[in-house]
1. With the requirement that a residue be aliphatic (A, V, I, L, M) and in contact with a strand residue (DSSP E or B) (Cβ under 7 Å, 6 or more places away or on another chain), what does the range 160-189 give you?
2. Any idea how many residues of the range 201-213 are touching a residue at least 60 places away in the same chain (Cβ under 8 Å) and in contact with an Asp or Glu (Cβ under 8 Å, 6 or more places away or on another chain)?
3. Conditions: (1) in contact with a strand residue (DSSP E or B) (Cβ under 9 Å, 6 or more places away or on another chain); (2) part of a loop (DSSP other than H, G, I, E, B); (3) modelled with pLDDT of 95 or more. Residue 85 meets all but one. Number of the miss?
4. Can you pull out every residue in the range 242-259 that is in contact (Cβ under 8 Å) with a residue 60 or more places away in the chain, assigned to a helix (DSSP H, G or I) and surrounded by 21 or more Cβ atoms within 10 Å (Cβ to Cβ)?
5. In this structure, does residue 284 turn out to be part of a strand (DSSP E or B), modelled with pLDDT of 90 or more and either in contact with a Cys (Cβ under 8 Å, 6 or more places away or on another chain) or basic (Lys, Arg) (or both)?
6. With the checklist (1) over 20 Å from residue 164 (Cα atoms); (2) free of Cβ contacts under 8 Å to residues at least 40 places away in the same chain; (3) surrounded by 22 or more Cβ atoms within 10 Å (Cβ to Cβ); (4) within 19 Å of the chain's Cα centre (by Cα) in hand, flag the one item residue 262 doesn't pass.
7. Give the residue that is surrounded by the fewest Cβ atoms within 10 Å (Cβ to Cβ), with candidates limited to residues of the range 168-185 that are touching a residue at least 40 places away in the same chain (Cβ under 8 Å) and part of a loop (DSSP other than H, G, I, E, B).
8. For residue 88, indicate whether it is surrounded by 23 or more Cβ atoms within 10 Å (Cβ to Cβ) and hydroxyl-bearing (Ser, Thr, Tyr).
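The values are calculated or read from the model by the stated rules, or taken from the named source; none is laboratory data. Please read these numbers as outputs of a predicted model, since none were measured by experiment. Counting neighbours? That spans all protein chains shown, and the Cβs are built from the backbone with ideal geometry, glycine included.
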Amino acid sequence: MRFPPPRWLLLAPAALLALAPGALASAFGGPVELSAPAGGFNLLVVGTDSRAGVTAAEKERFRLGGQGCDCSDVMMLVHVSARHDRVSVVSLPRDSLAELPGPHTVLRTGDVHDSHPAKINAAHAEGGAQLTVETVEAATGIEVHRFLKVDFRRFMDTVDRIDGGVPICTAKPLKDPSTGLDLAVGTRRVGGGEGLQYVRSRKADGEMDFGRIRKQHRFIANALDRIRSDRILRDPRKLAALTATLRGTESAERGISPAELLRLAARLKRTDLSRFEFATVPVRGYNPVVEGAGSTVGWDAEGAAEVFARIRADRPLPPAEAVAPSAISVARYAPARGSSLICP
């Protein structure tokens with residue numbers, strides 16, 4: 001299911017980025033000139049469990065039932081180097097223990113809460129984009145320049161704009177009764193609904209949320225590879241439609257605009273996937289139960305500090321051997337090149 005393109009896509013493709021900034025801002029409904037900080041550009045990407053716009057048939061087919069909490073179950077800090085020649089993607093597990101800054105207003109009730117401990121994915125449900133950004137900045141010491149939220153509907157529609165679908169592959173059968181994922185050994189291409197089953201799966205390989213994060217990294221790398229091989233980056237009309245679908249129309253604190261996404265794509269169109277690196281923040285183990293937060297994951301203080309220091313310094317992520325092993329065997333810190341994640 002694809003929604004019709006916004007009216008500005010009817011403009012001649014070659015003219016899209018040639019418009020004067022004022023006209024372009026009006027057409028795209030947001031900022032145009034993406035900032036280029038001297039220390040690199042930081043984008044916080046979150047995936048929420050919102051089912052808004054998902055049909056009853058899709059819920060049944062792709063096992064998308066249940067009640068969403070509007071929690072940010074996917075959280076990735078994306079750093080683009082100042083020279084646009086390297087991209088570092090660091091995932092923050094949804095159960096990470098974090099301190100939600102205060103005072104802040106709870107969106108659903110209007111109550112004002114002081115700072116308090118919680119799972120990091122509760123920040124979006126409690127205070128939306130603003131509190132999510134502030135929580136991540138406090139936890140990492142990294143300034144977030146822009147924010148991008150992707151819900152179930154937006155994810156599926158964006159994947160469906162990639163002709164032929166996105167490859168997913170596995171060396172062993174994967175079956176998850178919760179998401180309906182059922183993969184045989186090998187490689188196949190999937191559309192948005194099956195892609196969502198794959199990136200949501202946490203019970204198929206015994207690696208819990210850490211395995212799910214690695215699936216998400218693999219899916220992103222293969223989606224980028226398909227976007228490049230399908231020459232979407234060189235087709236202004238297709239690229240504009242893709243970015244508009246991904247971005248949607250919802251406003252958010254420091255939300256990236258469709259025009260800014262186009263600028264970002266233009267900056268990175270020559271950046272090879274071997275220059276993309278994917279990792280999960282170093283994890284120490286599970287914390288003792290925290291009142292109000294429950295069972296949470298604790299970061300490795302020294303390892304996480306080194307990862308975030310490297311990002312602030314606009315340097316590559318530290319290698320795996322530079323970080324102490326986690327007490328959780330499946331929570332290994334092991335940065336992977338995007339090119340190593342491409343399905344055969």
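1. Matches in the range 160-189: 166, 168, 174, 181, 183, 185.
2. 2
3. So the condition that residue 85 fails would be (1).
4. 242, 244, 245, 247, 258, 259 - these are the residues of the range 242-259 that are in contact (Cβ under 8 Å) with a residue 60 or more places away in the chain, assigned to a helix (DSSP H, G or I) and surrounded by 21 or more Cβ atoms within 10 Å (Cβ to Cβ).
5. yes
6. With respect to (1) over 20 Å from residue 164 (Cα atoms); (2) free of Cβ contacts under 8 Å to residues at least 40 places away in the same chain; (3) surrounded by 22 or more Cβ atoms within 10 Å (Cβ to Cβ); (4) within 19 Å of the chain's Cα centre (by Cα), residue 262 is out only on (2).
7. For the range 168-185, the residue satisfying everything is 178.
8. So residue 88 passes the test.
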